[in-house]
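A short write-up of the structure that comes next.
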């Protein structure tokens, strides 16, 4: 398992939006998708606002690997299941970072309905 370089984590975790892409079975990279992501401690998390059938989420979980880019950083990553005790902190991070957009939008990425569509984004060694 890789670890974030402190500057990369600061930049990607602090970016308003990040772009992620997963790999196809033939090894080519899918198009990047712009999503929200949050930092909790030394980890980065993303959630599917529209459930498990959202294309980027299905592809990321199937592939397990991809790329992330934000704030001038671009890295190879793995998409992993988060630890079970992190969801309250991830919710709090989404609220702190994005509440200014209003509950109609933020509520799509917080709460018990998004536990199963949360991924930890980990740099690959």
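Could you figure out which of (1) in contact with a strand residue (DSSP E or B) (Cβ under 7 Å, 6 or more places away or on another chain); (2) exposed (fewer than 15 other Cβ atoms within 10 Å of the Cβ) isn't true of residue 70?
Looking at each condition in turn, residue 70 falls short on (2).
In segment 33-51, what residues are outside any strand (DSSP E or B) and either over 20 Å from residue 87 (Cβ atoms) or modelled with pLDDT of 95 or more (or both)?
36, 41, 42, 48
Could you please find all residues in segment 50-60 being in contact with a helix residue (DSSP H, G or I) (Cβ under 9 Å, 6 or more places away or on another chain) and surrounded by fewer than 17 Cβ atoms within 10 Å (Cβ to Cβ)? Write out each step before concluding.
Step one: of segment 50-60, the residues in contact with a helix residue (DSSP H, G or I) (Cβ under 9 Å, 6 or more places away or on another chain) are 50-52, 54, 57.
Once the filter is applied, which keeps residues that are in contact with a helix residue (DSSP H, G or I) (Cβ under 9 Å, 6 or more places away or on another chain) and surrounded by fewer than 17 Cβ atoms within 10 Å (Cβ to Cβ), segment 50-60 yields 50, 51, 52, 54.
Among the residues of segment 33-49, count how many are without any contact (Cβ under 8 Å) to a residue 24 or more places away in the chain and surrounded by fewer than 16 Cβ atoms within 10 Å (Cβ to Cβ).
Number satisfying all stated conditions: 1.
In a helix (DSSP H, G or I), over 21 Å from residue 10 (Cα atoms) and touching a strand residue (DSSP E or B) at 6+ places or on another chain (Cβ under 8 Å): is that true of residue 114 in this structure?
Values: in a helix (DSSP H, G or I): yes; over 21 Å from residue 10 (Cα atoms): yes; touching a strand residue (DSSP E or B) at 6+ places or on another chain (Cβ under 8 Å): yes.
It is true that residue 114 is in a helix (DSSP H, G or I), over 21 Å from residue 10 (Cα atoms) and touching a strand residue (DSSP E or B) at 6+ places or on another chain (Cβ under 8 Å).
Here are some residues: 83, 25. Which one is under 24 Å from residue 125 (Cβ atoms), surrounded by fewer than 13 Cβ atoms within 10 Å (Cβ to Cβ) and more than 15 Å from the chain's Cα centre (by Cα)?
25
One line per residue, one yes/no per condition, for (1) touching a strand residue (DSSP E or B) at 6+ places or on another chain (Cβ under 6 Å); (2) assigned to a loop (DSSP other than H, G, I, E, B); (3) touching a residue at least 40 places away in the same chain (Cβ under 8 Å):
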{"residue": "2", "(1), (2), (3)": "yes, yes, yes"}
{"residue": "8", "(1), (2), (3)": "yes, no, yes"}
{"residue": "19", "(1), (2), (3)": "yes, no, yes"}
{"residue": "31", "(1), (2), (3)": "no, yes, no"}
{"residue": "59", "(1), (2), (3)": "yes, no, no"}
{"residue": "98", "(1), (2), (3)": "no, no, yes"}
{"residue": "108", "(1), (2), (3)": "no, yes, yes"}
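The values are calculated or read from the model by the stated rules, or taken from the named source; none is laboratory data. Computed from a predicted model, the values in this text were never measured in an experiment. We place every Cβ from the backbone using ideal geometry, glycine too, and count neighbours over all the protein chains shown.
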